[in-house]
Amino acid sequence: MTISNVPVQTTTLQSGILLDPQWAEVTAITPEAEGISTYWLRFVNPAEQHAFRFEPGQVNMLYLPGFGESAISISSDPQDHEKLGHTIRFVGNVTRAVSRLKVGDVVGLRGPFGTHWPMQEIEGKDVFIACGGIGLPPLRPAIYHIVRNREKYGKVTLLYGARTSSDLMFPHEYDEWRKAQIDVEITVDRGDTNWNGRVGVVPMWFYHFRIDPRKTAVLTCGPEIMIRFVIFEAMARRVPEESIYVSLERNMKCGQGSCGHCQIGPYFICREGPVFRFDDLQSFFNIEEF
Amino acid sequence: MLNETLPEVGSTITIQKPVFDLILSRLKEAGYLTIGPRVKNETLVYETIEILEDLPRGYTTEQKPGRFRLFQDRHSRYFDTIPGAHSWKQFLFPPRAELFALRKNGHGWETTTGQPDTAKYAFIGVRACELASIQIQDGIFMREDFTDPIYHARRGRVFTISVDCTHPAETCFCVSMNTGPQVKQGFDLNITELDNLFVLAIGSELARRLLAGIPFENASGYVLTNVEQKLVNAKQQMRRKLDTADLPQLMLDNLDHPYWNEIGKRCLSCTNCTLVCPTCFCWDVVDEMSLDGKSTRRERVWDSCFNPGYSYQAGGNTRPTIYSRYRQWLSHKLGTWKQQFGTFGCTGCGRCITWCPAEIDLTEEIATLRKEVSQ
Amino acid sequence: MEDHENVIEVLGKIPWFQALSPEHLQKMTEMAHLRQVKAGEILFREGGKEDYVYIVIEGRVGLDIFIPHRGKVRIYTAEPLDVFGWSSVTPSSHQRTAGAAAVIDGVVVGIDSAKLRDTCEADHDFGYIVMRRLLNIVSSRLLVSRLQLIDMFESPEA
């Protein structure tokens with residue numbers, strides 16, 4: 001609908017508004033699994049790097065000029081102010097362009113966006129983290145926080161699963177976490193000759209753990225179908241909806257609660273999410289194609 | 001009796017219709033782009049108007065679900081046409097806007113700043129529903145946590161001349177949405193058109209000063225009664241209704257009702273409704289790269305939740321079927337919008353009904369959903 | 001390997017056996033035996049005859065299916081308190097559909113399937129409790145299989 005006799009103004013947003021990216025350099029790339037790598041970024045401007053703070057569960061928008069942006073969970077330790085880790089699975093145009101980046105390349109970065117895991121609210125409780133596949137990276141900052149503040153939490157369990165043993169993320173860290181009194185239980189959907197551990201899906205292992213519904217917080221992230229069954233199992237053990245926290249993913253574009261793409265019901269995932277308390281989400285979750 | 005003093009803000013005056021040209025030229029002298037309804041290609045558009053005669057004098061619109069006709073009627077009023085597909089949102093929230101442009105600079109990129117935005121609009125003929133829509137978009141684009149600089153700059157410079165609707169179209173239901181037909185606030189000048197006069201309500205200091213030296217009379221009791229009567233008639237003429245008493249809950253409690261599939265069978269997902277809707281605000285980001293890879297720009301463009309790509313993310317599409325996209329639109333507009341922004345997203349302008357090629361009428365769909373649910 | 005006192009003690013600790021009356025628990029004990037297994041030890045083979053239904057007490061038992069050209073695929077692991085080999089209790093199956101081997105050293109309880117079936121026939125109250133329990137196990141196993149089937153972690157096509 002162009003208007004012919006009203007002059008079309010090419011207008012530009014003034015800088016300083018959140019839609020402008022800041023610039024960051026790739027300092028290292030860690031391959032994690034097939035098609036997944038962690039990109040370590042450091043702001044080009046040291047002042048920006050030292051000023052940047054994020055909470056576990058928050059998201060950054062990575063910008064590759066000419067290709068576009070992609071919302072990526074920050075997967076590194078929030079107390080590490082030297083660099084930021086972004087674990088990326090190469091699936092779309094932008095992320096595939098990311099896979100061609102080399103150390104030293106510069107990308108745009110803006111954030112952090114969204115809500116975070118409620119590390120303060122769940123102090124004093126038992127923490128049951130149930131996640132799978134690429135759902136572990138957004139929870140890793142939360143695990144680091146727990147390790148650093150172990151005495152603030154009760155019994156802590158990490159139940160993590162992936163498709164096969166070669167898809168498991170961060171296997172070299174499990175023992176470190178066990179040393180910090182976190183019960184790390186791993187499972188895979190399909191066994192193979194290298195694997196002597198559990199074979200079976202994440203949700204079904206719930207019954208192996210004694211969960212006190214009165215004082216357990218459940219944190220979950222992963223494919224939505226897995227989340228659905230984890231919640232089902234948690235509620236079967238009478239964990240109340242207010243004690244279950246979920247991280248969801250939707251097409252995120254502006255990160256500002258303005259463009260509308262990331263909406264699920266009344267919530268903008270970039271603003272009221274990605275971490276939700278399940279009782280807030282319940283009436284909009286699990287509705288076909290909503 | 002010519003009156004040499006300026007009318008007070010809040011007062012109502014009358015002017016002879018040709019005097020309006022004086023107001024228009026005053027606005028143009030002050031640097032405003034005067035935009036109003038015009039007839040073009042047998043339809044109504046919002047474009048610049050120079051003089052009163054540019055307006056669709058004597059025209060009436062006939063609007064039904066999926067039907068719009070503009071025809072020459074037997075009256076000679078200027079402001080009788082109920083708006084067509086165009087709305088004012090294209091000026092405050094332009095369909096395309098550059099967000100930034102970058103040029104490669106060695107290993108990194110530098111921002112090339114564009115021209116600052118200087119658009120200054122005078123909107124002539126804003127209906128009550130349209131003003132309500134603008135105010136809804138004010139709450140979306142200018143918020144504590146995020147303000148769109150384009151919207152903010154342009155909105156601050158808008159001079160609003162609104163108009164009371166005295167002859168609503170068949171698709172109008174502003175009475176149900178409590179947004180019209182009378183314009184009550186938010187204007188600089190408000191016009192109620194009588195056959196021989198314009199009745200002007202002064203809404204701002206800016207409007208007041210604009211009228212310096214313009215011949216006017218204070219509105220007489222007779223005129224005011226006439227205005228009252230016309231508005232009452234307009235209200236009564238409005239047959240289309242939308243019962244909002246049980247909204248948004250009616251939709252939020254029945255998101256999985258099979259009736260949505262029924263609507264989905266008729267909807268073409270053509271995005272007309274979102275294009276013509278004055279409150280729809282979704283947008284997309286388009287990144288372009290020059291062929292030599294040395295410069296790129298990012299543009300903001302209008303988007304629609306009916307676009308199949310809207311809900312696409314790596315991993316698939318969360319709303320691949322049309323029914324779920326229609327449900328998203330309606331359960332947002334008359335449902336979750338309330339929780340997000342405190343009002344409904346609909347002002348009863350009826351455009352989505354007029355411009356839907358499948359003749360889907362949301363007032364009917366909600367009434368039917370209500371009936372289906374209660375069974 | 002049969003040690004009645006030990007078996008009763010072990011069975012009594014298993015939650016669902018606690019629902020059995022002392023008489024029924026006694027009957028169960030008479031059909032059960034404790035068995036220690038070493039890592040890699042095979043409990044039964046695919047295609048083998050039905051003999052025991054097992055409960056893991058300690059350790060981990062893997063259930064494998066052999067696929068020609070692909071080798072042995074582990075489809076499930078039974079952890080402590082998991083039941084496996086339950087298809088031997090159902091009337092219709094005639095041979096093992098998967099093989100079972102200990103993944104790590106452990107202890108299992110084996111219950112004679114033929115005797116269990118006969119006892120269920122003779123004592124319907126006992127049979128009802130056993131079958132009800134088996135139904136729960138089978139249904140949860142079915143859900144697991146379904147989730148494995150839909151491949152939750154499948155990498156999406158861009």
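The values are calculated or read from the model by the stated rules, or taken from the named source; none is laboratory data. Owing to the predicted nature of the structure, the values given are computational and were not obtained by experimental measurement. Cβ placement follows ideal geometry from the backbone for every residue including glycine, while neighbour counts extend to all protein chains displayed. Heads up: the accessible areas ignore ligands, DNA and RNA and are worked out on the full protein's heavy atoms, side chains in. Shrake-Rupley method; radii C 1.70, N 1.55, O 1.52, S 1.80 Å.
Within region A:29-47, work out how many residues are part of a strand (DSSP E or B) and surrounded by fewer than 23 Cβ atoms within 10 Å (Cβ to Cβ).
11
Scan region C:93-126 residue by residue and report those that are touching a His at 6+ places or on another chain (Cβ under 6 Å) and within 20 Å of C:Ile57 (Cα to Cα).
C:Gly110
State all residues of region A:82-99 that are more than 13 Å from chain B (Cβ to nearest Cβ), of a type outside the set (Asp, Glu) and free of Cβ contacts under 8 Å to residues at least 60 places away in the same chain; if no residue qualifies, say none.
Hits for region A:82-99 are A:Lys83, A:Gly85, A:His86.
Just checking, does region A:80-100 include any residue being at pLDDT below 95, within 14 Å of A:Pro274 (Cβ to Cβ) and not hydrophobic (A, V, I, L, M, F, W, C)?
no
Mind checking which strands (runs of 3 or more DSSP E) fall wholly inside region B:79-160 and carry at least 1 residues that are modelled with pLDDT under 95, surrounded by fewer than 23 Cβ atoms within 10 Å (Cβ to Cβ) and β-branched (Val, Ile, Thr)?
Because the criterion is at least 1 residues that are modelled with pLDDT under 95, surrounded by fewer than 23 Cβ atoms within 10 Å (Cβ to Cβ) and β-branched (Val, Ile, Thr), the strands (runs of 3 or more DSSP E) in region B:79-160 that meet it are B:108-112.
Being open to solvent by 10 Å² or more (accessible area, probe 1.4 Å), closer than 21 Å to A:Ser70 by Cβ and among the aromatic types (Phe, Trp, Tyr) is the filter here, so list the residues in region A:233-275 that pass it.
Passing the criteria: only A:Tyr267.
Sort through B:Glu217, B:Glu228 and tell me the only one that's more than 14 Å from chain A (Cβ to nearest Cβ), surrounded by 14 or more Cβ atoms within 10 Å (Cβ to Cβ), charged (D, E, K, R) and under 20 Å from B:Thr192 (Cα atoms).
Sole residue among the options that is more than 14 Å from chain A (Cβ to nearest Cβ), surrounded by 14 or more Cβ atoms within 10 Å (Cβ to Cβ), charged (D, E, K, R) and under 20 Å from B:Thr192 (Cα atoms): B:Glu217.
Which condition does C:Met152 not pass, out of (1) of a type in the set (A, V, I, L, M); (2) in contact with a Phe, Trp or Tyr (Cβ under 7 Å, 6 or more places away or on another chain); (3) without any contact (Cβ under 8 Å) to a residue 60 or more places away in the chain, if it passes all the others?
That leaves (2) as the condition not met.
What residue, among those in region B:320-349 that are buried (at least 22 other Cβ atoms within 10 Å of the Cβ) and basic (Lys, Arg), is farthest from the other protein chains (Cβ to nearest Cβ)?
This residue is B:Lys333.
Pairs, please: C-beta under 6 Å, at least 6 apart or cross-chain, first residue facing chain A (nearest Cβ under 10 Å) and in a loop (DSSP other than H, G, I, E, B) and in region B:246-275, second modelled with pLDDT under 95 and exposed (fewer than 15 other Cβ atoms within 10 Å of the Cβ)?
B:Leu255/A:Ile287; B:Asp256/A:Ile287
Here is a list of conditions, (1) without any contact (Cβ under 8 Å) to a residue 24 or more places away in the chain; (2) in contact with a helix residue (DSSP H, G or I) (Cβ under 9 Å, 6 or more places away or on another chain), and B:Arg57 meets all of them except one; can you say which number that is?
The one condition B:Arg57 does not meet is (2).
Identify the single condition in (1) assigned to a strand (DSSP E or B); (2) open to solvent by 30 Å² or more (accessible area, probe 1.4 Å); (3) under 15 Å from A:Trp23 (Cα atoms) that A:His50 does not satisfy, given that it satisfies every other one.
Status for A:His50: all satisfied but (1).
Looking only at region C:124-158, which residues are within 7 Å of another protein chain (Cβ to nearest Cβ), over 19 Å from A:Gly132 (Cα atoms) and part of a helix (DSSP H, G or I)?
Within region C:124-158, just C:Ser140 meets the criteria.
Okay, residues lined up against (1) more than 8 Å from every other protein chain (Cβ to nearest Cβ); (2) under 25 Å from the mean Cα position of the chain (by Cα); (3) open to solvent by 10 Å² or more (accessible area, probe 1.4 Å):
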site	(1), (2), (3)
A:Val199	no, yes, no
A:Phe206	yes, yes, no
A:Lys215	yes, yes, yes
A:Leu219	yes, yes, no
A:Gly222	no, yes, yes
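Return the pairs, sorted by first residue and then second, in which the second residue is part of a strand (DSSP E or B), the first residue lies in region A:262-290 and is at the interface with chain B (Cβ under 8 Å from one of its Cβ atoms), the beta carbons are less than 6 Å apart, and the residues are 6+ apart or on different chains.
Cβ pairs passing all conditions: A:Phe284/A:Ile264.
Which number in (1) part of a strand (DSSP E or B); (2) more than 8 Å from chain A (Cβ to nearest Cβ) marks the one condition that B:Asp284 misses?
B:Asp284 satisfies all of (1) part of a strand (DSSP E or B); (2) more than 8 Å from chain A (Cβ to nearest Cβ) except (2).
Exactly one condition in (1) more than 14 Å from chain A (Cβ to nearest Cβ); (2) farther than 17 Å from B:Arg127 by Cβ is not met by B:Thr48; state its number.
Going through the list (1) more than 14 Å from chain A (Cβ to nearest Cβ); (2) farther than 17 Å from B:Arg127 by Cβ, B:Thr48 breaks only (1).
Tell me which residues, restricted to region B:288-312, are crowded, with 19+ Cβ neighbours inside 10 Å, within 7 Å of another protein chain (Cβ to nearest Cβ) and part of a strand (DSSP E or B).
Within region B:288-312, just B:Thr296 meets the criteria.
Given (1) in contact with a Lys or Arg (Cβ under 8 Å, 6 or more places away or on another chain); (2) at pLDDT 90 or above; (3) open to solvent by 10 Å² or more (accessible area, probe 1.4 Å); (4) aliphatic (A, V, I, L, M), identify the lone condition not met by C:Ala78.
Unmet for C:Ala78, out of (1) in contact with a Lys or Arg (Cβ under 8 Å, 6 or more places away or on another chain); (2) at pLDDT 90 or above; (3) open to solvent by 10 Å² or more (accessible area, probe 1.4 Å); (4) aliphatic (A, V, I, L, M): (3).
Check B:Ile161 against each of (1) in contact (Cβ under 8 Å) with a residue 24 or more places away in the chain; (2) farther than 19 Å from B:Ile23 by Cβ; (3) touching a strand residue (DSSP E or B) at 6+ places or on another chain (Cβ under 6 Å); (4) of a type outside the set (S, T, N, Q) and name the one condition it does not meet.
Unmet condition: (2).
hydroxyl-bearing (Ser, Thr, Tyr) and assigned to a loop (DSSP other than H, G, I, E, B) - does that describe any residue in region A:187-194?
yes
Where in region B:2-73 are there strands (runs of 3 or more DSSP E), lying fully within it, with 1 or more residues that are acidic (Asp, Glu)?
B:43-48, B:59-64
Would it be correct to say that B:Asp73 is within 27 Å of B:Val175 (Cβ to Cβ), at pLDDT below 95 and surrounded by 15 or more Cβ atoms within 10 Å (Cβ to Cβ)?
Spelling it out, B:Asp73 is indeed within 27 Å of B:Val175 (Cβ to Cβ), at pLDDT below 95 and surrounded by 15 or more Cβ atoms within 10 Å (Cβ to Cβ).
Quick check on my filter: what residues within region B:350-371 are surrounded by fewer than 22 Cβ atoms within 10 Å (Cβ to Cβ) and within 14 Å of chain A (Cβ to nearest Cβ)?
Scanning region B:350-371 gives a single hit, B:Trp355.
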